[in-house]
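These notes concern the structure reproduced below.
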Amino acid sequence: MTRWPDGSTTKQPKVSSGFGPRKSVKLPNGSWSTTNHLGADFVGFSKVKAVRGGVVTLASKDFSGYGGTVIVRFTAQSGSLVDILYGHLSSLAVKKGQTIDEGDDIGVMGDTGNASGKNLHLEVRYRSGASLSHRDPVAWIGKLVKGSTSAPRPSIALPATVRLGSRGAVVRKLQKLLVKRNHPMPVDGIFGPRTKEVVLAVQRRHGLVADGVVGPKTWKVLLS
């Protein structure tokens, strides 16, 4: 799933400066804003949430003109690496190398770096080989949020319950889903300690009973 950076899955937060060409203005630190805005500036909330899950590749209190910055990377269905950049943060809630889910805390909105005021500067960067391109965050998130909530999902038969010691195709399916959520592990069909560790983390993040047993409620989360 995807959500807005204030945590909402329905209502878009206010944007003070959108993606693309804009008029350059003088910033409080004496520098000038860019005329080609590579992201969108969100305002009107404090706690910044992850719009998508992934691995934190950067967590810096002072990253160039972005100030307090977090970058989270995941792999798109196309195979491209996608980096979500959160800039101008006043404090960070994650560390480099950490694996997070969508909706997890990223940090607190601020005005660090080259900021015109308190806001969250958010960029969506697609990497394919040596090429780098940017997407309009508002359009990108809006499309994915709408796509994930616009229609009810058809009911599906859930896989069998598995736990520590289970083996076979169902465990392999579980491991593939966990890897897809950016939790590295061997896909060997054996429910070992590493698989249980990741299952427990997913259950805690989604408010489920953290028992390491993958039953109907945990399957619904993983298949959503």
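When each of 57, 195 is scored by the number of other beta-carbon atoms lying within 10 Å, the sequence from fewest to most is 57, 195. Select one label from (1) 7, 26, 31, 19, 11, 5, 1, 0; (2) 8, 30, 32, 19, 8, 2, 0; (3) 6, 23, 27, 23, 13, 6, 2, 0, 0: the one whose number is P(r) over Cα pairs in 10 Å bins from 0, in percent as derived from the coordinates shown. The value matching this structure is (2). Close amide H contacts of residue 39 (hydrogens built in the peptide plane, cut-off under 5 Å, sequence separation of 5 or more or a different chain): 20.
Helix 169-180 against the longest principal axis of the chain: what's the angle in degrees, Cα atoms only, rounded to the nearest 10? The answer is roughly 10 degrees. Remark: 183, 206 ranked as 206, 183, counting other beta-carbon atoms within 10 Å and listing the fewest first. Running a GNM on the chain with Cα contacts under 10 Å, which residue among 114, 36, 182 ends up with the highest mean-square fluctuation? Taking springs between Cα atoms under 10 Å, the residue moving most is 36. A Förster radius of 30 Å combined with the Cβ-Cβ distance from residue 179 to residue 132 puts the calculated FRET efficiency at roughly 0.75. Against the main long axis of the alpha-carbon atoms of the chain, helix 193-205 sits at an angle near 50°. Close amide H partners of residue 189, meaning residues 5 or more places away or on another chain with modelled amide H under 5 Å apart, are 172. The charge dipole of the chain, taken about the Cα centre with unit charges on the Cβ atoms of Lys, Arg (+1) and Asp, Glu (-1), comes to about 540 debye, rounded to the nearest 20. Among 143, 61, 180, which one shows the highest mean-square fluctuation when the chain is modelled as a Gaussian network with alpha-carbon springs under 10 Å? For the chain, modelled as a Gaussian network with Cα springs under 10 Å, the answer is 143.
Exceedance of the 27 Å cut-off in Cα-Cα distance is limited, within the set 49/176; 11/47; 196/220; 95/118; 180/220; 14/176, to 14/176.
Rounded to the nearest 500, the 222 nm mean residue ellipticity of the chain from helices alone is -6500 deg cm²/dmol, with -39,500 (n - 2.57) taken per DSSP H run of at least 4 residues. Rounded to the nearest 10 degrees, the inclination of helix 137-149 to the longest alpha-carbon principal axis of the chain is 30 degrees.
Each residue of region 112-122 was assigned a 3J(HN,Hα) from its phi angle through the Karplus curve 6.51 cos²θ - 1.76 cosθ + 1.60 (θ = phi - 60°); the sequence is 6, x, 8, 10, 7, x, 5, 6, 10, 8, 10 Hz, with glycine and proline shown as x. GNM on the chain, alpha-carbon springs under 10 angstrom: the most fluctuating residue among 64, 17, 78 is 78.
Where a number appears in this text, it was derived from the coordinates with a stated rule and is not lab data. It should be emphasised that the depicted structure is a prediction, and the values quoted were computed from it without experimental measurement. All Cβ positions, even for glycine, are placed from backbone atoms using ideal geometry, and neighbour counts span all protein chains on display.
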